[in-house]
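Trainee: Structure below; questions to follow.
What follows is calculated from the coordinates using simple rules that are stated; it is not laboratory data. No experiment lies behind these values; they were computed from the predicted model shown. Every residue, glycine as well, gets a Cβ built from its backbone with ideal geometry; the counts of neighbours run over all protein chains shown.
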């Protein structure tokens, strides 16, 4: 007869156990803010289908103080979202070689972040160009 | 030149299945010098303070992978972590997280070993060669595709770092999946199809949510998160093309 009695520890509150897990949960939770912004844009499309007055009202609502505060929060979470995902990107890529040398994780993250900055600036200037 | 003797408090999470209903903390005062590892601290406890404290160790130089434990909540090799880093505070040592405690600092590694065997962690030659035909040759680039993953010492720190394994012990887990990839990525190996059946299963690569802590705690720079996640793309392609590809691997 065996006297073994292995003890299994509880996983309750596991993500509070280590700051690394908290950062991971923060990264995952930013997806909800991305979804929230998608809803804001979808409402815009819906209001557009309801005619010009409805669409103008939606645009007006976006300019309200609560909406501006909400968008600032969204912007902050989007920045963290972008940074955290490009930060984990080297883990998701196969080992690559350029000119016989292995591409370093920092290069992958840096390229991703640079592409995000370029894309943001491009969108910003295109939209600004449409509203002289 | 003798250092003035310093004393550090080490709290050990004790679990003696014959008497403890659940693990309890026990504190020991350990004299130490700056060159002493946490493992040596625990060995001091066993040799001079309390012979009933149980733990695993062997090489004392971060190559056998036996002495992993939670040190102040982080998975570490105790031979590679120094008491001086925690002084003048105290430190807590506990059996590796997410694995069942067998006794004191010893975990039950049975599940890990079973999973390790299942992925056939050895080269299954692509083409059998006789001695006369010579060795299997490989370019430096082919070698680099798997070399870092081959540094795994089976210490299970990555399992103690993986909340997905803690939440669902059916998940094959970081270390074993990294070794699965190590052999599949080897140009001399021909066993990839049978290993991928395990990798593409629900308990395989997709059990990982890219927390990434496994790679952070790995004492050998294996980067299991990278080994696992680079397989997800092929797994997805395989999933969608399995009906049209004759003999497509995976289920």
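Trainee: Once the Cα atoms of helix A:105-130 and of chain A are each reduced to a long axis, what angle between those two axes, in degrees from 0 to 90 to the nearest 10, is obtained?
Mentor: 10 degrees
Trainee: Using only atoms on other chains, find how many Cβ atoms lie within 10 Å of each Cβ of peptide B:89-98 and report the average. Don't skip to the answer; put the middle values down first.
Mentor: Details: counts 0, 0, 0, 0, 0, 1, 2, 0, 5, 4.
Per-residue shielding by partner chains comes out at 1.
Trainee: For labels at residue B:142 and residue A:17 in the simple 7 Å Cα→Cβ model, what's the distance in nm?
Mentor: The answer from the label model is 4.2 nm.
Trainee: Region B:76-91 to region A:10-78: how many Å between their Cα centroids?
Mentor: Region B:76-91 and region A:10-78 have Cα centres spaced 43 Å from each other.
Trainee: What average number of partner chain Cβ atoms lie no more than 10 Å from the Cβ of the residues making up A:14-22?
Mentor: Mean number of neighbouring Cβ atoms from other chains: 4.
Trainee: So, one more: Of B:98, A:71, A:131, how do they rank once you tally other Cβ atoms within 10 Å and put the fewest first?
Mentor: A:131, A:71, B:98
Trainee: To test your reading of the geometry: what angle, between 0 and 90 degrees and rounded to tens, separates the Cα axis of helix B:232-241 from the longest principal axis of chain B?
Mentor: Its long axis makes an angle of about 30 degrees.
Trainee: Suppose each label sits 7 Å from its Cα in the direction of the beta carbon; what would the residue B:170-residue A:38 distance come out to in nanometres?
Mentor: It is 2.7 nm.
Trainee: Is the protein assembly as shown best put as rounded, prolate or oblate by its Cα gyration tensor, with a ≥ b ≥ c the root eigenvalues, rounded for a/c under 1.5, and otherwise prolate when a/b is larger than b/c, oblate when not? Walk me through the numbers before you get to the answer.
Mentor: Values: a/c = 2.11, a/b = 1.40, b/c = 1.51.
Oblate is the answer for the protein assembly as shown, as a/c is 1.5 or above yet b/c matches or exceeds a/b.
Trainee: Distance from the Cα centre of region A:97-123 to that of region B:167-229, in angstrom?
Mentor: 25 Å
Trainee: If you don't mind, another one. Relative contact order of chain A, please, whole-number percent, based on alpha carbon pairs below 8 angstrom and at least 6 residues apart.
Mentor: Here the relative contact order equals 19 percent.
Trainee: For a Förster distance of 35 Å, can you work out the FRET efficiency between the beta-carbons of residue B:201 and residue B:21, rounded to the nearest 0.05?
Mentor: Details: r = 37 Å, r/R0 = 1.05.
Approximately 0.45, to the nearest 0.05.
Trainee: Follow-up question, since we're still on this one. In what sequence do A:125, A:21 fall when counting other Cβ within 10 Å, fewest first?
Mentor: Ascending number of Cβ neighbours within 10 Å: A:125, A:21.
Trainee: Let me ask something else about it. Using a 7 Å offset from the Cα along the Cα-to-Cβ direction at both residue B:64 and residue A:126, what is the distance between the two label points in nm, to one decimal?
Mentor: Going by the 7 Å Cα→Cβ label model, 6.2 nm.
Trainee: Want the number for residue B:187 to residue B:124: 0.36 nm per residue separation, take away the alpha-carbon distance, what's left? Display every interim value, and only then the final one.
Mentor: Values: separation 63, 0.36 × 63 = 22.68 nm, distance 1.08 nm.
Full extension from residue B:187 to residue B:124 adds 21.6 nm.
Trainee: What relative contact order, as a whole-number percentage, does chain B give when Cα pairs under 8 Å and 6 or more residues apart are counted?
Mentor: Relative contact order, chain B: 16 percent.
Trainee: Could you tell me which of rounded, prolate or oblate describes region A:58-132, using a ≥ b ≥ c as the square roots of the eigenvalues of the alpha-carbon gyration tensor, with rounded for a/c under 1.5 and, failing that, prolate when a/b is larger than b/c and oblate otherwise?
Mentor: Numbers: a/c = 5.12, a/b = 2.16, b/c = 2.37.
Taking the square roots of the gyration eigenvalues as a ≥ b ≥ c, region A:58-132 is oblate.
Trainee: Also: Compute the long axis of helix B:174-184 from its Cα atoms, compare it with the longest principal axis of the Cα atoms of chain B, and write down the angle in degrees, 0 to 90, nearest 10.
Mentor: Computed tilt is about 40 degrees.
Trainee: Now for a different question. Two-decimal Rg/Rh of chain B from alpha-carbon positions, Kirkwood Rh?
Mentor: So for chain B, dividing Rg by the Kirkwood Rh gives 1.06.
Trainee: Next up: May I ask you to sort A:120, B:155, B:162 by Cβ crowding, counting other Cβ atoms within 10 Å and putting the fewest first?
Mentor: So the residues, fewest neighbours to most, are A:120, B:155, B:162.
Trainee: Also, quick follow-up: Can you classify chain A as rounded, prolate or oblate using the Cα gyration tensor, where a ≥ b ≥ c are the square roots of its eigenvalues, rounded means a/c under 1.5, and otherwise it's prolate if a/b beats b/c and oblate if not? Walk me through the numbers on the way to the answer.
Mentor: Values: a/c = 3.31, a/b = 1.52, b/c = 2.19.
Oblate, since a/c reaches 1.5 and b/c is not below a/b.
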